[in-house]
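Colleague: Could you have a look at this structure, given as structure tokens, before my questions?
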Amino acid sequence: MVLAGGLAKRMQPRTAGVPKFLLPVAGRPFAAWLLDRLAASGYAKVLLCIGHLGAAIRAEVGDGSAFGLAVSYADEGDLRLGTGGALRHALGELEPTFLVTYGDSYLPFDYGAPLADLRAHADALATMAVYENADRFDLSNAAVSGAIVTRYDKRSPGAPRDPELGFIDYGAIAMRREVIAELPDGEPVGLDTIQARLARTGRLRACVARERFFEIGSEGGLADLEAALRERHAG
């Protein structure tokens, strides 16, 4: 599932009439880069969670066949349910195990790895991709011991360094459908709240990524991804 329904306020005025998911990056809509990565990682089906300017996303992506995918849609309209609430809204479309990623994150790793790890560990409720960040690219929010995320704490901008939180949520998490089914329907909730609760249970596994993540939720992030993609695809 790709969460692509946000308002993208930080990217105004770019996103006044264009959803963040479709912002041009290195000559293509961001959606094309992300969907290509998902297909290359072995996925055949993608559920796009849309809301703000969702019609434009439908028009651009269509049924996903241009990317070798079967794309369907869960439209929350103007409900503004948050990232976790959007998952609950789409409960009927979720597989028993599934991957969630963001419509503004580009991750240079195997998107299939967290889901494969979760399916290999029946005792786990979720497997979250993490990166050893030490506050470099954003505020770190996860503590990892062995293969387990022992703590998840989304910190506010300007928060003091927490040496226990050496890792950061990379932007992809595989979960069991039952985790989402427990949420109240129609109520706003953030995915970070779910991740913190999962870490407290001791049943949230860690899948460590080795390359830095990219995002287009800020002007600096978009510029970094633009440069990285042009370098990787030069010639």
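The values are calculated or read from the model by the stated rules, or taken from the named source; none is laboratory data. What you are looking at is a predicted structure, and each value in this text was computed from that prediction instead of being measured. Here the Cβ positions follow ideal geometry from the backbone for every residue, glycine too, while neighbour counts run over all protein chains shown.
Colleague: From Gly51, Gly92, which residue is over 24 Å from Glu226 (Cα atoms), buried (at least 21 other Cβ atoms within 10 Å of the Cβ) and not aliphatic (A, V, I, L, M)? Steps first, answer last, please.
Modeller: Details: Gly92 fails: buried (at least 21 other Cβ atoms within 10 Å of the Cβ).
The match here is Gly51.
Colleague: Which condition number in (1) modelled with pLDDT of 95 or more; (2) closer than 26 Å to Ala8 by Cβ; (3) out of contact with any Gly (no Cβ under 7 Å at 6 or more places or on another chain); (4) surrounded by 14 or more Cβ atoms within 10 Å (Cβ to Cβ) is the one that Arg176 fails?
Modeller: Unmet for Arg176, out of (1) modelled with pLDDT of 95 or more; (2) closer than 26 Å to Ala8 by Cβ; (3) out of contact with any Gly (no Cβ under 7 Å at 6 or more places or on another chain); (4) surrounded by 14 or more Cβ atoms within 10 Å (Cβ to Cβ): (2).
Colleague: Another question, if that's okay. Looking only at segment 59-90, count how many residues are at pLDDT 95 or above and out of contact with any Phe, Trp or Tyr (no Cβ under 9 Å at 6 or more places or on another chain).
Modeller: Within segment 59-90, the first condition is being at pLDDT 95 or above, and the residues that meet it are 59-73.
Add one more test, that the residue is out of contact with any Phe, Trp or Tyr (no Cβ under 9 Å at 6 or more places or on another chain), and what stays is 59, 62-68, 70-73.
Residues in segment 59-90 being at pLDDT 95 or above and out of contact with any Phe, Trp or Tyr (no Cβ under 9 Å at 6 or more places or on another chain): 12 in total.
Colleague: Within segment 91-146, work out how many residues are in a helix (DSSP H, G or I), closer than 26 Å to Ala56 by Cα and in contact (Cβ under 8 Å) with a residue 12 or more places away in the chain. Walk me through it before giving the result.
Modeller: First, the residues of segment 91-146 that are in a helix (DSSP H, G or I): 91-93, 113-119.
Restricting the remaining residues to those that are closer than 26 Å to Ala56 by Cα gives 91-93.
Adding the requirement that they be in contact (Cβ under 8 Å) with a residue 12 or more places away in the chain leaves 91, 93.
Within segment 91-146, residues that are in a helix (DSSP H, G or I), closer than 26 Å to Ala56 by Cα and in contact (Cβ under 8 Å) with a residue 12 or more places away in the chain number 2.
Colleague: Check off (1) touching a Ser or Thr at 6+ places or on another chain (Cβ under 9 Å); (2) surrounded by 14 or more Cβ atoms within 10 Å (Cβ to Cβ); (3) modelled with pLDDT under 95 for Asp117 and give me the number that stays unchecked.
Modeller: Condition (3) is where Asp117 drops out.
Colleague: Further question: Here is a list of conditions, (1) in a loop (DSSP other than H, G, I, E, B); (2) closer than 27 Å to Glu76 by Cα, and Arg212 meets all of them except one; can you say which number that is?
Modeller: (2)
Colleague: Counting only residues that are polar (S, T, N, Q), touching a residue at least 24 places away in the same chain (Cβ under 8 Å) and out of contact with any strand residue (DSSP E or B) (no Cβ under 6 Å at 6 or more places or on another chain), how many does segment 149-171 have? Please lay out each step first, then the result.
Modeller: Just the residues of segment 149-171 that are polar (S, T, N, Q), to begin with: 150, 156.
Remaining after also requiring touching a residue at least 24 places away in the same chain (Cβ under 8 Å): 150.
Then drop every residue that is not out of contact with any strand residue (DSSP E or B) (no Cβ under 6 Å at 6 or more places or on another chain), which leaves none.
Adding up the residues that qualify gives 0.
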